[in-house]
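Chemist: Could you have a look at this structure, given as structure tokens, before my questions?
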Amino acid sequence: MKDYHSKKSLRSTRDYSRRNYGNPLFGGQNNKRKTRDPRLLKIIVLITISFALLLFVGWYLFWSQSFRISNITIEGVSADTSTIIRELMESRLQKRRLIFLPQASIFIFDTKTAESDITQKFYLNSLEIRKKLPGTILVKAEEKTSVGAFLAKGQFLAIDEEGYVIRELTKRERIALIDLPEGFEGVAAGELGAESVGVGDIDPNTITDPDKDRKNSNPIPLILDWDKVGGDYEPSGTAVANEMLKLVLQAYNQLSDVSGTGVRWFVLDPAADTVDVMLKEGWHVYLTTLIPFETQATRLSLVLREKIGERRGELEYVDLRYDERIFFRFIGGDN
């Protein structure tokens, strides 16, 4: 007979192990020997150090004074143009890229955008902007030559030999335009700082040029846009068609010798291929691009000598636009 009360038999029939079970209320006692993985700790420290180092390098490169742009060098342009370009560059240094990065840093400064700033103001032969460490911006440019002044919608613009707008006239250039239509001033009175008077008007010792009225007063031809052409004019945009500008330049350089009086300004009518020349004696000459200027100049000389004579003071206009006939008119309608 089995002894069911035997301790030995009870041990052999157990289907569990004491070591596999524990009191759930005291589970922490079973994990006392567990520790953190040292590799994870090293990774956290490494990431922290790398992030701090990255912040320091970013601050040093972009915000510290070490690489801050402190010098702007401009080469190849006039003093007036250099002043405007410098103002544009200094304005660009105050701006930011990607919302928070300062363009005052040599590494952040955007040369392409800076070039765009300049070309919105000037039409140049060439333009190059370079960065030189630690803090210099070098601007190299070559200006186009101005051959005429174009007055449109209150703007005084310089144009090149192809008729393209180069830029606005400088204050110095506007002051030099002393012969303007009534109601126009090259420089506002406020810009000059006071009222002005010609030296010859107050100094009796001033030597006057006896041939003054036979010469052009303005240093370059002045072309007026009375809204016959219209439109807005920007640098590199066309202000005057090439053929019409060639005629203007020829007339400016030669017409005073032919007519015996200086040229004041030109008004264009491209639709009619017409250039209206205002002369100092108060009468007009109408020229056309369809007939060589030399031919028109010869005809003007003939009509002044043979038909106008002593009545030049009464003359209103001479029209040279037609091959077969020359039209002229005196003030009051006589012709």
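The values are calculated or read from the model by the stated rules, or taken from the named source; none is laboratory data. This is a predicted model, so every value here is computed, not measured. Quick reminder, even Gly has a Cβ in these numbers, built from the backbone with ideal geometry, and neighbours come from all protein chains shown.
Chemist: Yes or no: segment 236-249 includes at least one residue that is exposed (fewer than 15 other Cβ atoms within 10 Å of the Cβ) and modelled with pLDDT under 90.
Modeler: No, there is no match, as no residue in segment 236-249 is exposed (fewer than 15 other Cβ atoms within 10 Å of the Cβ) and modelled with pLDDT under 90.
Chemist: Restricting the search to segment 267-277, which residues are of a type outside the set (D, E, K, R) and either surrounded by fewer than 18 Cβ atoms within 10 Å (Cβ to Cβ) or touching a residue at least 40 places away in the same chain (Cβ under 8 Å) (or both)? Steps first, answer last, please.
Modeler: Initial filter on segment 267-277 (of a type outside the set (D, E, K, R)): 267-268, 270-272, 274-275, 277.
Selection gives Val267, Leu268, Pro270, Ala271, Ala272, Thr274.
Chemist: While we're looking at this one, here's another question. Exactly one of these conditions fails for Lys121: (1) in contact with a Phe, Trp or Tyr (Cβ under 8 Å, 6 or more places away or on another chain); (2) of a type in the set (D, E, K, R); (3) assigned to a loop (DSSP other than H, G, I, E, B). Give me its number.
Modeler: Exception for Lys121: condition (1).
Chemist: Something else: Suppose we filter segment 197-235 for residues that are modelled with pLDDT of 90 or more and polar (S, T, N, Q); how many remain?
Modeler: Of the residues in that region, 3 qualify.
Chemist: Sticking with this one: Considering only segment 95-111, how many residues are touching a Leu at 6+ places or on another chain (Cβ under 9 Å) and over 16 Å from Val57 (Cα atoms)?
Modeler: From segment 95-111, those touching a Leu at 6+ places or on another chain (Cβ under 9 Å) are 102-109; that's our starting set.
From what is left, the residues that are over 16 Å from Val57 (Cα atoms) are 103-104, 109.
The total comes to 3.
Chemist: Can you tell which of Leu300, Leu287 is over 38 Å from the mean Cα position of the chain (by Cα) and buried (at least 19 other Cβ atoms within 10 Å of the Cβ)? Quick ask: steps written out before the conclusion?
Modeler: Details: Leu287 fails: over 38 Å from the mean Cα position of the chain (by Cα).
Step by step, each of Leu300, Leu287 is checked, and only Leu300 is over 38 Å from the mean Cα position of the chain (by Cα) and buried (at least 19 other Cβ atoms within 10 Å of the Cβ).
Chemist: Another question, then. Out of Tyr252, Tyr233, Tyr317, Tyr286, I need the residue that is part of a loop (DSSP other than H, G, I, E, B) and of a type outside the set (A, V, I, L, M). Which one? Give the derivation first.
Modeler: Numbers: Tyr252 fails: part of a loop (DSSP other than H, G, I, E, B); Tyr317 fails: part of a loop (DSSP other than H, G, I, E, B); Tyr286 fails: part of a loop (DSSP other than H, G, I, E, B).
Result of the check over Tyr252, Tyr233, Tyr317, Tyr286: Tyr233.
Chemist: Ok, one more. Being of a type in the set (Ser, Thr, Tyr) and touching a residue at least 40 places away in the same chain (Cβ under 8 Å) is the filter here; which residues of segment 52-74 pass it?
Modeler: Taking segment 52-74 first, the residues of a type in the set (Ser, Thr, Tyr) are 60, 64, 66, 70, 73.
Ser66, Ser70, Thr73 - these are the residues of segment 52-74 that are of a type in the set (Ser, Thr, Tyr) and touching a residue at least 40 places away in the same chain (Cβ under 8 Å).
Chemist: Something else about it: Which of the residues that make up segment 256-306 are within 15 Å of Arg214 (Cβ to Cβ) and of a type in the set (Ser, Thr, Tyr)?
Modeler: Passing the criteria: Ser256, Ser259, Thr261, Ser301.
Chemist: Turning to a different aspect of this structure: Looking only at residues that are aromatic (Phe, Trp, Tyr) and outside any helix (DSSP H, G or I) in segment 59-111, which one is nearest to Arg174 (Cα to Cα)?
Modeler: Residues of segment 59-111 aromatic (Phe, Trp, Tyr): 59-60, 62-63, 67, 100, 107, 109.
Going one step further and asking which of them are outside any helix (DSSP H, G or I), we end up with 63, 100, 107, 109.
Working: Trp63: 43, Phe100: 41, Phe107: 40, Phe109: 34 Å.
For segment 59-111, the residue satisfying everything is Phe109.
Chemist: Can you work out which of the residues in segment 154-170 that are hydrophobic (A, V, I, L, M, F, W, C) and closer than 16 Å to Leu180 by Cα is surrounded by the fewest Cβ atoms within 10 Å (Cβ to Cβ)? Break it down into steps so the answer makes sense when it comes.
Modeler: Within segment 154-170, the subset hydrophobic (A, V, I, L, M, F, W, C) is 156-159, 165-166, 169.
Filter once more, so that each one left must be closer than 16 Å to Leu180 by Cα: 156-158, 169.
Values: Phe156: 20, Leu157: 24, Ala158: 25, Leu169: 23.
Looking at residues that are hydrophobic (A, V, I, L, M, F, W, C) and closer than 16 Å to Leu180 by Cα, I get Phe156.
Chemist: Moving to a separate point now. On the basis of being at pLDDT below 95, surrounded by 10 or more Cβ atoms within 10 Å (Cβ to Cβ), in the same structural domain as Arg130 (by TED's automatic domain parsing) and over 21 Å from the mean Cα position of the chain (by Cα), does Leu41 make the cut?
Modeler: Working: at pLDDT below 95: yes; surrounded by 10 or more Cβ atoms within 10 Å (Cβ to Cβ): yes; in the same structural domain as Arg130 (by TED's automatic domain parsing): no; over 21 Å from the mean Cα position of the chain (by Cα): yes.
So Leu41 does not fit the description; no.
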